[in-house]
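Colleague: This structure is in structure tokens; I'll ask about it shortly.
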Amino acid sequence: MEQQYRVSSSPHFRSNESVSGIMRDVVIALLPATAAGIYFFGFNALITVLLSVGAAVATEFFVQRYMRKVPTTIGDFSAVVTGLLLALNLPASVPWFIPVVGSIFAIAIVKQAFGGLGFNFMNPALAARAFLMASWPTDMTTWAVPRAADGVTGPTALGILKEALPDQLPSVMNALIGNIGGCIGETSALLLILGGLYLVWRGVIDIRIPAVYIATTFVLLFIFNGFNFQIAFLHVLIGGLMLGAFFMATDYSSTPVNFRGQMIFAVGAGLLTALIRQFGGYPEGVSYSILLMNVATPLIEKYSKSRVFGGGKK
């Protein structure tokens, strides 16, 4: 009998894991921080989350069905993850069109225009956030006050750190539970850490990138602030560091796959985050740091990959 061979590209490993299973785990890991954001910021936060997720799923369906004419993959939950991550990176006070436009940009331009899941060279949610920041900077930097009536705004904890106002700094407890100003999902450090550890336990992500990224940011800001442990520790707890480290710097398609490359990526992201926060004009640096390292990933992998066994010298 003639033997049949199937030719396909690598990798050829087989696993019981599926895209939908991995994405469901990410959604599960994000739910506690999402619920906390809705609790602290109210009805506007819920609407922002629903609009962002709904627009992401609808855009993926439309682009795949009517523009790319390929089978739709909305059932794999990847569009839900993108929409949810984008919503968690937005202030609760944004107008309704902001999450809708952002999700359309994330899915149609950053994800589907390059071939869909696994082909995007940067994190879609962060790219959309950068696009929204450039397009509507006032709306994107107007922060709702937690547990206050709708429409009440105030500074973020990072803004207070940036302006060096020690009397207004939040307590460690408030920073841990999320009772501080900021984006919907970046306030509760404790719940983000628990969600990240859940992903580590499930084998969805490796702890190395988040740990090195957070540690690098802490050490550099500790040095930059005159070895002030309190300031450096608050920098770790507030802002988007936990959300970025566990849920966006670990994106499969836009980060290095080898160990050395991952370490370079994490240290570089931490360095850029610390530099932007300490010396830049904008108090937050996580989004731009990860995006810049996403763009640098092909170069990092080129110079960090291991030599093929049996291969000669370069």
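The values are calculated or read from the model by the stated rules, or taken from the named source; none is laboratory data. Here the structure is a predicted model, which means the values were calculated and not measured. Virtual Cβ from ideal backbone geometry, glycine too; neighbours counted across all protein chains shown. Just the protein is used for accessible areas: all its heavy atoms, side chains included, with ligands, DNA and RNA removed. Shrake-Rupley method; radii C 1.70, N 1.55, O 1.52, S 1.80 Å.
Colleague: Tell me which residues, restricted to segment 70-99, are among the aliphatic types (A, V, I, L, M), in contact (Cβ under 8 Å) with a residue 40 or more places away in the chain and surrounded by 18 or more Cβ atoms within 10 Å (Cβ to Cβ).
Modeller: As a first pass, look at segment 70-99 and keep what is among the aliphatic types (A, V, I, L, M): 70, 74, 79-81, 84-88, 90, 92, 94, 98.
Subset that is in contact (Cβ under 8 Å) with a residue 40 or more places away in the chain: 70, 80-81, 84-88, 90, 92, 94, 98.
The answer is Val80, Val81, Leu84, Leu85, Leu86, Ala87, Leu88, Leu90, Ala92, Val94, Ile98.
Colleague: Something else about it: I'd like to verify a number: residues in segment 302-314 that are more than 24 Å from Lys111 (Cα to Cα) and either at pLDDT 95 or above or part of a helix (DSSP H, G or I) (or both), how many?
Modeller: 2
Colleague: Given the criteria surrounded by fewer than 19 Cβ atoms within 10 Å (Cβ to Cβ), at pLDDT 95 or above and not aromatic (Phe, Trp, Tyr), does Val257 qualify? Break it down stepwise before answering.
Modeller: Details: surrounded by fewer than 19 Cβ atoms within 10 Å (Cβ to Cβ): yes; at pLDDT 95 or above: no; not aromatic (Phe, Trp, Tyr): yes.
Criteria not met by Val257.
Colleague: Also, I was wondering about something else. Looking at this structure, is Phe247 at positive phi and aromatic (Phe, Trp, Tyr)?
Modeller: no
Colleague: Now for a different question. Given the condition farther than 28 Å from Ser78 by Cα and modelled with pLDDT of 85 or more, answer yes or no: does some residue in segment 132-140 qualify?
Modeller: yes
Colleague: A further question on this structure: Right, Gly181: surrounded by 17 or more Cβ atoms within 10 Å (Cβ to Cβ), under 22 Å from Gly280 (Cβ atoms) and out of contact with any helix residue (DSSP H, G or I) (no Cβ under 8 Å at 6 or more places or on another chain) or not?
Modeller: Considered against the rule, which asks whether it is surrounded by 17 or more Cβ atoms within 10 Å (Cβ to Cβ), under 22 Å from Gly280 (Cβ atoms) and out of contact with any helix residue (DSSP H, G or I) (no Cβ under 8 Å at 6 or more places or on another chain), Gly181 comes out as no.
Colleague: Taking the stated definitions as given, is Ala56 buried (at least 21 other Cβ atoms within 10 Å of the Cβ) and at pLDDT below 95? Lay out the reasoning, then the answer.
Modeller: Details: buried (at least 21 other Cβ atoms within 10 Å of the Cβ): yes; at pLDDT below 95: no.
When the stated conditions are applied, Ala56 does not pass them.
Colleague: Would you check which residues across segment 268-278 are surrounded by fewer than 21 Cβ atoms within 10 Å (Cβ to Cβ) and in contact with a Phe, Trp or Tyr (Cβ under 8 Å, 6 or more places away or on another chain) and list them?
Modeller: If the condition is that a residue be surrounded by fewer than 21 Cβ atoms within 10 Å (Cβ to Cβ) and in contact with a Phe, Trp or Tyr (Cβ under 8 Å, 6 or more places away or on another chain), then Ile276, Gln278 are the ones that fit.
Colleague: Would you mind stating whether Gly239 is touching a Pro at 6+ places or on another chain (Cβ under 8 Å), crowded, with 22+ Cβ neighbours inside 10 Å and in contact (Cβ under 8 Å) with a residue 40 or more places away in the chain?
Modeller: yes
Colleague: Also: How about segment 197-221: which of its residues are outside any loop (DSSP other than H, G, I, E, B) and charged (D, E, K, R)?
Modeller: Arg202, Arg208
Colleague: What are the residue pairs meeting all of these: first residue in segment 54-69, first residue closer than 14 Å to Ile109 by Cα, second residue basic (Lys, Arg) and open to solvent by less than 70 Å² (accessible area, probe 1.4 Å), Cβ atoms under 8 Å, and 6 or more apart or on different chains?
Modeller: Glu60/Lys111
Colleague: I'm trying to understand the selection: among the residues of segment 243-301, which are part of a loop (DSSP other than H, G, I, E, B), among the small types (Gly, Ala, Ser) and touching a residue at least 24 places away in the same chain (Cβ under 8 Å)?
Modeller: Matches in segment 243-301: Ala249 only.
Colleague: Please find, within segment 59-69, the residue that is nearest to the chain's Cα centre (by Cα) out of those that are on the phi < 0 side of the Ramachandran plot and open to solvent by 60 Å² or more (accessible area, probe 1.4 Å). Walk me through how you get there before you give the answer.
Modeller: Looking only at segment 59-69, we keep the residues that are on the phi < 0 side of the Ramachandran plot, and these are 59-68.
If we keep only those that are open to solvent by 60 Å² or more (accessible area, probe 1.4 Å) as well, we get 61-62, 65-68.
On the way: Phe61: 23, Phe62: 24, Arg65: 27, Tyr66: 29, Met67: 27, Arg68: 27 Å.
Going through the qualifying residues, I end up with Phe61.
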